[in-house]
Amino acid sequence: MHMAVAAGAARYHRVQLVLGALSLVVGAAYLGVVLWSGVATSLTRGLADRPWWIQVALVASVLGIAYRVLVAPIAWVRGWWLPRRYGLLRYSLGAWLKDQAKAAALSAVFALGGLELIYLCLHVAPQWWWLIAAAVFLLVYVVLAVVLPVWIVPLFYRLTPLADDGLRSRLLTLAARIGVPAVGVWVADQSRKSRTANAAVLGLGRTRRILLFDTLLAFEPREIEAVLAHELGHHVHHDMWRGLGAQGAFTLAAFATAHIVLASGVVWWHLGGIADPAGVPWLALVLGAVGLITLPVANGYSRWIERRADDFALRVTHDVDGFVGAMERLATLNLAERRPHWLKELVLYSHPAIDRRIARARTHLALDAVTAVTNDRGGRPRAES
């Protein structure tokens, strides 16, 4: 049974990898065709008498909608058909499309706002736009991280207070003992959409609350506690702020690279300057390429953070079996690829592979056993026979 599940997970992730690569190729080819054909230039020239920000909005909207239509079949297969076939998704196509529409609307608002900000900086400070824009983006990242999880989650889930008084008290006590007190525990109706399970700690200070997927409630309390301890570890280590700093650094690197390359695009694509709204697809192509190149570094940093949170959970719960049990259940429910190829994990995985996490936990157990024996003998290691 275990082998069959692992084989199914491997097939699922193999198909997802192919579809993801296809989506990247289609997107890059689409931007290349737009640049080569001069479509963006024609759009901006048609509104030459309009302010630059209207031209940017028009180019971004037209190209963005056309791209969504172009990749819609791939998005449908990746996001709904394939997960449904492998038993991950439960809700109907209509409900999925509704969620996709809300997510697309939010993404469009943020993407257009970011693009308008970049072009404002290009107009106001063409030599230093990359530095100014990166600083403003970092500020926006902070605001979004602190405020929006509390606002956005209810758009996609129905949240209710945890009804199990014993479990709620246990989780709140753990949070308080660690030094990350929460105002309550809420449950999201994930089972209405999918079988996948997870937990999160949202907000800061007086807005901090524990969020559990209702699918997680089928776990043993000790397993739920292990998952929550991992999430609390991120707060103890201030990983959100570290992550924001890393994200800001990657943004700065991407914008600095774009600043260098945009000038070449002016010549190659016959633009009116680096602030020409017709250069939107070129900017998107450059930023996408930089993001792809830096992806292994970003994921490597993320895996280090996740390993540290695992270690923290094991230290505060002293329950390796609970942690391993939680990992096993999560692997099954989330159809995790337990042992991906090392290169795939290096490039694409933001978390260590499940089997690596379990092996590390068992190593922690072995080290605890050695420490206990040493302490029992007054700090002297046992002599070899």
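Among rounded, prolate and oblate, which fits the range 159-235 when a ≥ b ≥ c are the square roots of the eigenvalues of its C-alpha gyration tensor, a/c under 1.5 means rounded, and a/b larger than b/c means prolate?
Verdict is prolate for the range 159-235.
Can you compute log10 of I(q)/I(0) for the chain with the Debye formula, treating each Cα as one identical point scatterer, at q = 0.07, 0.14 Å⁻¹?
At q = 0.07, 0.14 Å⁻¹ the computed log10 ratios are -0.40, -1.37.
Return the FRET efficiency for the residue pair HIS123, ALA7: r is the Cβ-Cβ distance, R0 is 56 Å, and the value is rounded to the nearest 0.05.
Here the calculated transfer efficiency is 0.50.
Hey, what angle do you get for helix 239-268 against the long axis of the chain, alpha-carbon based, 0 to 90 degrees rounded to 10?
20
Rounded to the nearest 10 degrees, what's the angle between the helix 93-124 long axis and the longest principal axis of the chain, both from Cα atoms, 0 to 90?
60
For labels at LEU17 and ALA246 in the simple 7 Å Cα→Cβ model, what's the distance in nm?
The two pseudo-label positions are separated by 2.2 nm.
In degrees between 0 and 90, to the nearest 10, how far off the longest principal axis of the chain does helix 165-178 point, with axes built from Cα atoms?
That helix lies at roughly 80 degrees to the long axis.
Among TYR301, TYR119, rank each residue by its count of other Cβ atoms within 10 Å, from fewest to most, as a rough exposure measure.
TYR301, TYR119
Just how far, in whole angstrom, is the range 265-284 from the range 64-128 if you go by their alpha carbon centroids?
24
Kindly identify the range 13-157 as rounded, prolate or oblate by the Cα gyration tensor criterion: order the square roots of the eigenvalues as a ≥ b ≥ c, call it rounded if a/c is under 1.5, otherwise compare a/b with b/c, prolate if a/b is larger, else oblate.
oblate
Spin-label point model (7 Å from Cα, Cβ direction): what's the TYR86 to TRP151 distance in nm?
Here the modelled spin labels are 3.4 nm apart.
Normalised by the number of residues in the range 159-235, what is the relative contact order in percent for Cα pairs under 8 Å and 6+ residues apart?
30
For the peptides 189-200, 159-170, what is the packing order when you average, over each peptide's residues, the other Cβ atoms within 10 Å and list the highest mean first?
Ranked from most to least packed, the peptides come out as 189-200, 159-170.
In what sequence, highest mean first, do 319-325, 45-51, 92-98 appear when ranked by Cβ atoms within 10 angstrom?
With the highest mean Cβ count within 10 Å placed first, the list reads 319-325, 92-98, 45-51.
Would you mind getting me the FRET efficiency between VAL183 and LEU24? Use the beta-carbon distance for r and R0 = 45 Å, nearest 0.05.
According to the calculation, E is roughly 0.60.
Pull out the extension gain between ALA72 and LYS344, defined as 0.36 nm times the separation in residues minus the alpha carbon to alpha carbon distance; nm, one decimal.
That works out to 95.4 nm of additional length.
Report the relative contact order of the chain, percent, no decimals, based on alpha-carbon pairs under 8 angstrom and at least 6 residues apart.
Relative contact order comes out at 18 percent.
Only the coordinates and a few stated rules stand behind these numbers; no lab work does. None of the values given here were measured: they were computed from a predicted structure. Neighbour counts are summed over all protein chains in view; Cβ atoms, including those assigned to glycine, are modelled from backbone coordinates with ideal geometry.
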